[in-house]
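Colleague: Just passing along the structure, written as structure tokens.
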Amino acid sequence: MRGVVVCVASLAALGLIGCGDNNNDEARVRVFHASPDAPNVDVLVDQGRVLEDVPYTAASDFLPVEAGTRHIAVNITGTDTTVIDARLDLVDDVDYLVVAAGKAAEIAPIVATCDRSAPAQDSARVRVLHSAASAPEVDVYVTAPGESIDAAQPVLSAVPFRAISDYLTIPGGAYDVRVTIAGTKTVAIEALNLSVPAGTVATVAALDAKGGGAPFSLQVLSER
């Protein structure tokens with residue numbers, strides 16, 4: 001299916017402070033709900049509820065959390081039913097993206113660090129997250145607006161579900177972004193004339209439609 005939804009979603013921070021070592025060292029954690037058929041969820045840190053009623057495709061701000069080993073749980077909203085139960089070793093002054101990914105029956109976290117520093121002058125820094133549970137491996141093409149991909153080479157090849165790429169540094173400007181089934185020119189997602197201003201730092205996530213499957217979409221998670 002062609003067509004794309006490009007947006008930035010955020011939730012208000014409720015405060016994310018661990019109950020562990022009583023020191024001043026803090027990491028920063030963003031939580032992203034990317035499970036297409038899972039219900040709304042609550043997020044708990046060290047058994048304390050810090051985000052409530054989080055819907056599909058919503059992402060929190062970068063929230064401060066005490067560094068060290070933290071117990072992160074994702075529960076179905078308003079219940080004690082846990083769908084993700086993980087212990088994360090968080091390093092002082094490091095930013096993390098924690099993604100609830102996969103269909104509800106096999107939901108699991110993707111954890112990645114984030115580089116939120118300013119990109120080089122006149123440049124942007126972006127990376128791609130394959131969080132579309134129903135999609136196969138994909139190739140990613142980034143071209144000038146209106147340029148065909150027929151003779152183009154992908155900037156990323158055979159990206160599997162749950163993978164997150166390294167950051168790509170590109171000049172600020174407008175681009176056509178197309179995601180194809182790996183090894184083919186069959187377009188599954190396209191964002192035409194997408195504006196990527198200089199100074200942008202972002203993760204671009206591929207997602208299922210709500211409930212799972214096509215039409216697939218892209219969501220841009222700004223990190224600055």
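Colleague: Which whole-number percentage describes the relative contact order of the chain, with Cα contacts under 8 Å and a sequence gap of 6 or more?
Modeller: Values: 626 pairs, mean separation 50.1, N = 224.
Reported relative contact order: 22 percent.
Colleague: Let me ask another. Answer with a single label: of (1) 1.02; (2) 0.95; (3) 0.98, which was calculated as Rg/Rh (Cα atoms, Kirkwood Rh) from the structure in view?
Modeller: Read-out from the structure maps to (3).
Colleague: A further question on this structure: Roll a 1.4 Å probe over the protein chains and send me the accessible area per residue for the chain in Å².
Modeller: I get 45 Å² per residue for the chain.
Colleague: Residues of the stretch 63-98 with the amide nitrogen closer than 12 Å to a label point 7 Å from the Cα of VAL111, along Cα-to-Cβ, please.
Modeller: Answer for the stretch 63-98: 68-73, 85-91, 96-98.
Colleague: ³J(HN,Hα) across the stretch 47-62 via Karplus (A = 6.51, B = -1.76, C = 1.60, θ = phi - 60°), whole Hz, x for Gly/Pro?
Modeller: Residue by residue, the stretch 47-62 yields 6, x, 6, 10, 9, 10, 6, 7, x, 4, 6, 7, 10, 6, 5, 7 Hz.
Colleague: How long is the gain from ALA209 to ASP61 if the chain were fully straight, where each residue apart is worth 0.36 nm and the alpha carbon distance is subtracted?
Modeller: Fully extending the segment from ALA209 to ASP61 adds 51.0 nm.
Colleague: Separate question: Work out the FRET efficiency for VAL94 and ALA174 from their Cβ-Cβ distance, taking R0 = 35 Å, and round it to the nearest 0.05. All intermediate terms of the calculation are to be shown ahead of the outcome.
Modeller: Numbers: r = 32 Å, r/R0 = 0.92.
Efficiency for this residue pair is about 0.60.
Colleague: Assuming R0 = 30 Å, what is the FRET efficiency of GLU52 and ALA120, from their Cβ-Cβ distance, to the nearest 0.05?
Modeller: Values: r = 39 Å, r/R0 = 1.30.
Computed FRET efficiency for GLU52 and ALA120: 0.15.
Colleague: Students sometimes get this wrong: rank ASP139, ASP46, ASP93 by accessible area, probe 1.4 Å, all chains present, largest first.
Modeller: Order by accessible area, largest first: ASP93, ASP46, ASP139.
Colleague: Given Cα pairs under 8 Å that are at least 6 residues apart, what percent is the relative contact order of the stretch 84-141? Before the final figure, lay out the partial values.
Modeller: On the way: 42 pairs, mean separation 16.4, N = 58.
The value is 28 percent.
Colleague: Over the chain, what percent of the accessible surface lies on carbon and sulfur atoms, probe 1.4 Å?
Modeller: Taking all protein chains in place, the chain shows 51 percent carbon and sulfur surface.
Colleague: As an exercise, use a Förster radius of 41 Å and the Cβ-Cβ distance of ARG224 and THR184 to find the FRET efficiency, rounded to the nearest 0.05.
Modeller: Numbers: r = 34 Å, r/R0 = 0.83.
Here the calculated transfer efficiency is 0.75.
The values are calculated or read from the model by the stated rules, or taken from the named source; none is laboratory data. Model, not experiment: these values are computed from the prediction. Here the Cβ is made from the backbone with ideal geometry for all residues, glycine too, and neighbour counts use every protein chain on show. Areas reflect the complete protein model, heavy atoms only, side chains present, ligands, DNA and RNA absent. Shrake-Rupley method; radii C 1.70, N 1.55, O 1.52, S 1.80 Å.
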